[in-house]
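Note sheet for the following structure.
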2 protein chains.
Amino acid sequence: MRVTIKDVSREAGVSIKTVSRVLNNERYVGDDTRERVQAAVALLNFRPSMAARSLAGKRSFQIALICDNPSPYYVYEMQSGIRDRCVQDGVRMIAQPYDRDSATLIDDVESLVDATSVDGLILTPPVTDYPAILDLLARRGVRFVRVSPGGDTGLTSCSFIDNVAAARTMTDHLIGLGHRRIGFVKGHPDYATSAHRFCGLCRGAGGGGHIARTGADPRRLLRFRVGGAAAEAMFDLPNPPTAIFASSDDMAAGVLAAAHKRGLRIPDDLSVAGFDDTALASVVWPPLTTIRQPTRAMGYQAADLLLAGDDAPIERREVPFELVVRGSTGPVRGA
Amino acid sequence: MRVTIKDVSREAGVSIKTVSRVLNNERYVGDDTRERVQAAVALLNFRPSMAARSLAGKRSFQIALICDNPSPYYVYEMQSGIRDRCVQDGVRMIAQPYDRDSATLIDDVESLVDATSVDGLILTPPVTDYPAILDLLARRGVRFVRVSPGGDTGLTSCSFIDNVAAARTMTDHLIGLGHRRIGFVKGHPDYATSAHRFCGLCRGAGGGGHIARTGADPRRLLRFRVGGAAAEAMFDLPNPPTAIFASSDDMAAGVLAAAHKRGLRIPDDLSVAGFDDTALASVVWPPLTTIRQPTRAMGYQAADLLLAGDDAPIERREVPFELVVRGSTGPVRGA
DNA sequence: TTGTAGGCGTTATCAC
DNA sequence: GTGATAACGCCTACAA
């Protein structure tokens, strides 16, 4: 049968409440008592029942990740980062990898909150900016942390990278290489990150860059295709760009594929730049210069903020990005 | 405040127990009573508390996915498939994306089982074949379903594809193209799927194929590198293979990269084949011929088996694979 | 510093 | 068919 607090209390020769105190690291427990209890816990291999704890207490020791991002890498890294932090507190993560086009998103979140009474939620783009969700959670008084919010900061804590600065860094890099006509493949309008990156590009380019804008479907496969289509369109321009900067790595990969199809050589004929969530791009797409996104770190920080406690102040936690230049990215022919 | 069964029972003018009966689809409830209750539930927007249900009842309405697979695509597809099935029953999924080198795996699973008393677990490779885990779960009397088990079938239900047949199909295809020397990049020994695929290759090749075996680290990045290294070694052989078949898509990508580095043209100088978890390979690595793995479907079927109920018979559910040939893969030069 | 009583929201058991 | 009542395992409040 199940080992309960009662068993532990009997084993340790104390009351149930005292065991509970030890389990929850409360004060006012004698050192010797604490040790006896801990010994009993270890001996009986006791694990408190989550169900009972969340029913009786305020906490449920569960948090949920609301993730509607179609990039498996992003999801994986995010989950891993969150989990890294959660294990420290013995908290479980409920993953909600919502599917594209989830019409029931709001209802799903609401039922999640009602049914599991999670201790908090972590929102990622694009859900991190959905007003209906933000309102719902605020109304219910549910704690939540946003990853890469586009606006409405101040509502809650969040973790993010400076996408404007990142895109600007990349742009400066490209300009430093001699590029004067830089194309940009814009992402889906729901993703504020994409807009931020576009903004960074503009700042770096100082208005002098050639800029092509393209809306992208959030579905991953389509993003590849959208990247390719955007590149094709740019190649056909009277003065095609010598560098193309995509606001996500899969769109950048689509650009690469389109360039190959045209017989363009990378980076001699064209420099391609993007963002990536892992070190993977270095192996899969070696000629791709990227901003390395610390997705895992953002997840960790988000969980850290969420687990900080009810009374913790709202905090915006920025995580550093990194420009990763690969292979020979020397001056471009004909630039 | 929270809406409870009590509120619903008052609203519907019935007892608490009757509401409970309706919620759990039990028999012996009058049709009109049922309707009144359902109306009250909808009106009050009532959602039963998971915590209370799992504390009082036998079920917890939660299942867990034990996933130690380093491929984000695999994890994502698996989670999505499982979730597709879970939502139908109002069951939650706890994702446990265990990290590489998790020394505490067994302990983690044990504490998960003890603390959350999940209704069941889904195991994926390589955990699906870890005897320590299987023993633990059997001892605890916990329901679980295995995805792609290597052996010990008959223990529990499982979902899988026929990896032997898949590899054989691919081999037949390659032989049909004129290949006589086929290299094989083997995966990590913990993955039974890899061994199955090797077996399928041997059957297809009839012992006449040239076979290079390579152990691969399960970490994704390394798998790319291992694929590349294996390819390099094969290229240096006196009679290098004209086709290389890798037991995973990332190793196949590594082979592709190595081939490019050597100046080999695909598929004129070399055919490269692998497996993939999504339709992604068609876009990212166009020259790659693959076996499309229905990862999502395997997840769905695994969840379906798990949710079938305690008394459901043990069942082995096979999911069909698909050979995806891309681009021109005509006869190979010098074959 | 420690113990006791009561309740969290649901299901299980047993009457009606 | 339906309803009272006792668990389930733990935490909160209050007392000692």
With no solvent term and unit scatterers on the alpha-carbon positions of segment A:227-335, Debye gives log₁₀ I(q)/I(0) at q = 0.11, 0.21 Å⁻¹ of -0.44, -1.04
Scoring segment B:69-168 by relative contact order with C-alpha pairs under 8 Å, at least six apart, yields a percentage of 19 percent
Partner shielding of A:42-49, taken as the mean number of other chain Cβ atoms within 10 Å, equals 3
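Want the number for B:Thr4 to B:Tyr28: 0.36 nm per residue separation, take away the alpha-carbon distance, what's left?
6.4 nm
Add -39500 (n - 2.57) for each DSSP H run of 4 or more in the protein assembly as shown, then divide by its residues: what number comes out at 222 nm, to the nearest 500 deg cm²/dmol?
Estimated from H runs of four or more residues: -13500 deg cm²/dmol.
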The long-range amide H neighbours of A:Cys67, using H built 1.01 Å from N in the peptide plane and a cut-off of under 5 Å, are A:Gln96, A:Tyr98
For the protein assembly as shown, whose charge dipole is built from +1 on Lys and Arg Cβ atoms and -1 on Asp and Glu Cβ atoms, the candidate among A:Val91, A:Pro238, B:Pro97 with its Cα farthest towards the positive end is A:Pro238
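Among the DSSP beta bridges whose two residues both lie in the protein assembly as shown, what percent are antiparallel, rounded to the nearest 5?
For the protein assembly as shown, the DSSP antiparallel bridge percentage is about 10.
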Taking the label point 7 Å from Cα along the Cα-Cβ vector, the copy-to-copy distances for A:Asp135, listed from shortest in nm with one decimal, are 5.7
Mean projected area (nm²) from the convex hull of Cα positions in segment B:161-295 is 7.2 nm²
Inter-copy distances for B:Leu43, label 7 Å out on the Cα-Cβ vector, sorted ascending, nm, one decimal, are 5.6
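Looking at segment A:1-70, which chymotrypsin sites (Phe, Trp or Tyr not before Pro) are in a loop (DSSP not H, G, I, E or B) and have at most 13 other Cβ atoms within 10 Å?
Details: sites: A:Tyr28, A:Phe46, A:Phe61; in loops: A:Tyr28, A:Phe46, A:Phe61.
Listed in order of number, the matching sites are A:Tyr28.
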The base-10 log of I(q)/I(0) that the Debye equation returns for chain A at q = 0.11, 0.14, 0.16 Å⁻¹, one scatterer per C-alpha, is -0.75, -1.03, -1.24
Stokes-Einstein D for segment A:1-112 (4 °C, 1.567 mPa s, Kirkwood Rh from Cα pairs), in µm²/s, comes to 78 µm²/s
Inter-copy distances for A:Arg317, nm, shortest first, label points 7 Å along Cα→Cβ, are 3.9
Rounded to the nearest whole number, the per residue volume of the convex hull around the C-alpha atoms of segment A:131-212 in Å³ is 85 Å³
Here the tail fraction of P(r) beyond 15 Å, over all Cα-Cα pairs of segment A:106-156, rounds in percent to 37 percent
In vacuo Debye sum over C-alpha of segment B:52-166, base-10 log of normalised intensity I(q)/I(0) at q = 0.09, 0.21 Å⁻¹, listed in q order, is -0.23, -1.30
The long-range amide H neighbours of B:Ala216, using H built 1.01 Å from N in the peptide plane and a cut-off of under 5 Å, are B:His188
Computed over the protein assembly as shown, the distribution of all Cα-Cα distances in 10 Å bins, rounded to whole %, is 3, 14, 22, 24, 19, 11, 6, 1, 0
Residues meeting the amide H criterion for A:Val319 (H placed from the backbone, H to H distance under 5 Å, 5 or more places apart or on another chain) are A:Phe160, A:Ile161, A:Asp162
Excluding residues fewer than 8 positions from B:Lys261 in its own chain, the lysines with Cα under 29 Å of it are A:Lys261, B:Lys186
Pseudo-spin-label distance A:Ala312 to B:Ala233, built 7 Å along Cα→Cβ, given in nm, is 4.7 nm
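Computed from the coordinates by the stated procedures, all read-outs in this text should not be read as laboratory data. Source: prediction; values computed, not measured. Because the Cβ atoms are built from the backbone with ideal geometry, glycine has one as well, and the counts that use them run over all protein chains shown.
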